[in-house]
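The values are calculated or read from the model by the stated rules, or taken from the named source; none is laboratory data. Just so you know, these numbers come straight off a predicted model, no measurement behind them. When we count neighbours, we look across all protein chains shown, and the Cβ atoms used for this are built from the backbone with ideal geometry, even at glycine.
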Amino acid sequence: MDVRVKFLGGAQSVTGSKYLLEVDDFKVLIDCGLFQGLKALRLRNWEDFPIDVKEIDAIVLTHAHLDHSGYVPRMIKQGYKKNVFCTESTADLLEIMWMDSAKLQEEEAEFAKEKGYSKHQNPLALYDQKDAEAALKTIVPKPFNKTFELNEHISIIFHPAGHILGAASVEVNLKGDNQKKNIIFSGDLGRESDPVLFPPSTFKNSDVLFLESTYGDRTNEVAKVQDELKEHILNHINEGVIMIPAFTVGRTQNLLFYLHELMRTGQIPHIPVYLDSPMAISVTHLYKKYSEQHRLHEKDIFDYKNFHYVKDHQQSKTLEALENRAIIISASGMLTGGRILSHLFKRLGNRNDLLLMVGFQAVGTRGRDILEGKESVKIYGEEVPIKCHFAKIDGLSAHADQTELLSWYDHFQDPLKFTFLVHGEIEAMQTLKSKLEEKGAHNVFIPDYMESFELFSGI
C-alpha cells in the first residue's frame, strides 16, 4: 500500500486548508477550507478544483471555521456527492456557518451588481444557499475519541483540539498488508489555559505529523488579556464606541466571558454590549447544548443583563446612533465580510471610536491593512478613510502560541518520520521549524501549494 499527500491549501498561508491524502487509489481530503485574505489567494476559490471532485472518496473536517470547511459547498456545486465526516458539535456549527456563508456570498454578489464595482457584468456567488443545503446532507457526525472506518485500510479518530467548540485533531490509522502506520493532523490547536475550552489532546507516538503554525514565531500571554481589555475600555468608553470584530465561534464567547468578569468584579462600568451577529447568537446557544465540552457549564454568562443580542438588520442599523459607552461585537474577525463592515463603513472616520482587534489578521485582509497603517480600506467598493483609534490584543487568540506548540510537540516520545508545518505564514513556519530542529526534530518540511510527498511505500 502506497500513501501520498498533496497540499491543496494551508501551505505557507493561514487559509484554504486542504490536504489530499491518497492511500493507493482511495482519496480522502483532510479539511476543505476557503482561501481568504490576499486577492491572489481568494481567486483560487474560483478556479477549478485541482482534481475531479468525483474522484475524492471522503472529506474529513477538523473544525467548522470557514478556512477549514467553507469550500465544501463549492465542492458540492462541482459535483461532490460523498460523505463529509466531522464531530457532532462541528456538524451543528456547520449548519449555521455554511448557510450564513452562502447568504453572504449571494448578498455580496447582488451588492456588487447593484453598485457596479465588480469587473463582471453579472457577478455570481461562489455558491448559494441551495449548495449549502446540499452540503449539509453529506455530513456524517462522529463522536470524539471513537474509531470509525473509511474503508478496510483506513480508520479515523477525532481527538479534542481545544481551538473552538467541536474542533478536533484527526488521527489517521493505516493498516497495510505488511505494516500499520499512523498520521496526525493537528488541526488548529487551542490554548493550554483557555478560560472557556479545555486544553488540546496530546499524542505519544506517530509516524507523520501535520502541525499548524499560525503563531509559530510568537508568544501570546493569556494572563494579560483581561487587563489589556480593561485598559482599552476604560480609556475609550466615555469618548466613543468600541467596535470588536470577532469570529463567531470561540472568540466571541471568550470575549463575553471576559466582559462578564470585568463588569461582575467592578473593574469596568456596567455598559451595554451588543452582539451584532445572528450567527454568533446561534453559536452561543450551541455552547449551552454542548456544555460538557467547555468550562462554562456552571456559569450562566450568556444571559447576562448587559448583553444584548441583535438579530435583524433593522435593529443593527439603530446601532449607528450610538455615540459612546457601548461595545459592539460583530463578525467577521478579519473584517472580510459580515455586519462588522457596515459598522466600519460608518465609524472608521470617527476619531472618538476604537476598533479593537482580538485575533490574527491574515495578509491581505482589511484588519491587517489597518494594523499596518494604511490610510484607508475599501468597503462596499468605496475607499473609507481610517481616522478612528485602533489597537490589537494578542492573548485572546484561540491558537496555541509558539511555547504551547513546542510543548504539545514534546509529548511525542519517538522520532517522527516527517513533520509538515501547515496553516501559517512563511515567517512563522521558518521560526517554528528552527525551534523544532533545535529540539532534535528531523525531516521538518514547509510544503508549498500543490507540492506532493510520498509518505509510505509498500506498507
Discussion item. Tell me yes or no: at least one residue of the stretch 209-222 is crowded, with 23+ Cβ neighbours inside 10 Å and β-branched (Val, Ile, Thr).
Written reply: yes
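Okay, residues lined up against (1) at pLDDT 95 or above; (2) assigned by TED's automatic domain parsing to the domain that holds residue 279; (3) of a type outside the set (S, T, N, Q):
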{"position": "99", "(1), (2), (3)": "no, no, yes"}
{"position": "112", "(1), (2), (3)": "no, no, yes"}
{"position": "119", "(1), (2), (3)": "no, no, yes"}
{"position": "145", "(1), (2), (3)": "yes, no, no"}
{"position": "150", "(1), (2), (3)": "yes, no, yes"}
{"position": "153", "(1), (2), (3)": "yes, no, yes"}
{"position": "182", "(1), (2), (3)": "yes, no, no"}
{"position": "187", "(1), (2), (3)": "yes, no, yes"}
Worksheet item: Among the candidates 407, 434, which residue alone is farther than 11 Å from residue 216 by Cβ, surrounded by fewer than 18 Cβ atoms within 10 Å (Cβ to Cβ) and either small (Gly, Ala, Ser) or out of contact with any strand residue (DSSP E or B) (no Cβ under 8 Å at 6 or more places or on another chain) (or both)?
Response: 407
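Per-residue answers, yes or no, for (1) assigned to a helix (DSSP H, G or I); (2) within 21 Å of the chain's Cα centre (by Cα):
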{"position": "247", "(1), (2)": "no, yes"}
{"position": "259", "(1), (2)": "yes, no"}
{"position": "282", "(1), (2)": "yes, yes"}
{"position": "311", "(1), (2)": "no, no"}
Item to complete: Given the conditions (1) without any contact (Cβ under 8 Å) to a residue 24 or more places away in the chain; (2) surrounded by 14 or more Cβ atoms within 10 Å (Cβ to Cβ); (3) within 21 Å of residue 66 (Cα to Cα), report the number of the one that residue 284 does not fulfil.
Response: (1)
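Residue-by-condition table, conditions (1) under 22 Å from the mean Cα position of the chain (by Cα); (2) farther than 28 Å from residue 458 by Cβ; (3) surrounded by fewer than 23 Cβ atoms within 10 Å (Cβ to Cβ):
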{"residue": "161", "(1), (2), (3)": "yes, yes, no"}
{"residue": "166", "(1), (2), (3)": "yes, yes, no"}
{"residue": "169", "(1), (2), (3)": "yes, no, no"}
{"residue": "178", "(1), (2), (3)": "no, no, yes"}
{"residue": "198", "(1), (2), (3)": "yes, yes, yes"}
{"residue": "207", "(1), (2), (3)": "no, no, yes"}
Discussion item. Looking at the stretch 278-296, can you tell me whether even one residue there is over 30 Å from residue 168 (Cα atoms) and of a type outside the set (Phe, Trp, Tyr)?
Written reply: no
Item to complete: Might you let me know whether the stretch 442-449 holds any residue that is in contact with a Gly (Cβ under 6 Å, 6 or more places away or on another chain) and touching a residue at least 60 places away in the same chain (Cβ under 8 Å)?
Response: no
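Conditions tested, residue by residue: (1) in contact with a helix residue (DSSP H, G or I) (Cβ under 8 Å, 6 or more places away or on another chain); (2) within 30 Å of residue 171 (Cα to Cα); (3) surrounded by fewer than 16 Cβ atoms within 10 Å (Cβ to Cβ).
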site	(1), (2), (3)
384	yes, no, no
395	yes, yes, no
402	yes, yes, no
416	no, yes, no
444	yes, yes, no
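Residues checked against (1) at pLDDT below 95; (2) in contact with a strand residue (DSSP E or B) (Cβ under 7 Å, 6 or more places away or on another chain); (3) closer than 22 Å to residue 301 by Cα:
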residue: 200; (1), (2), (3): no, yes, no
residue: 207; (1), (2), (3): no, yes, no
residue: 222; (1), (2), (3): yes, no, yes
residue: 229; (1), (2), (3): no, no, yes
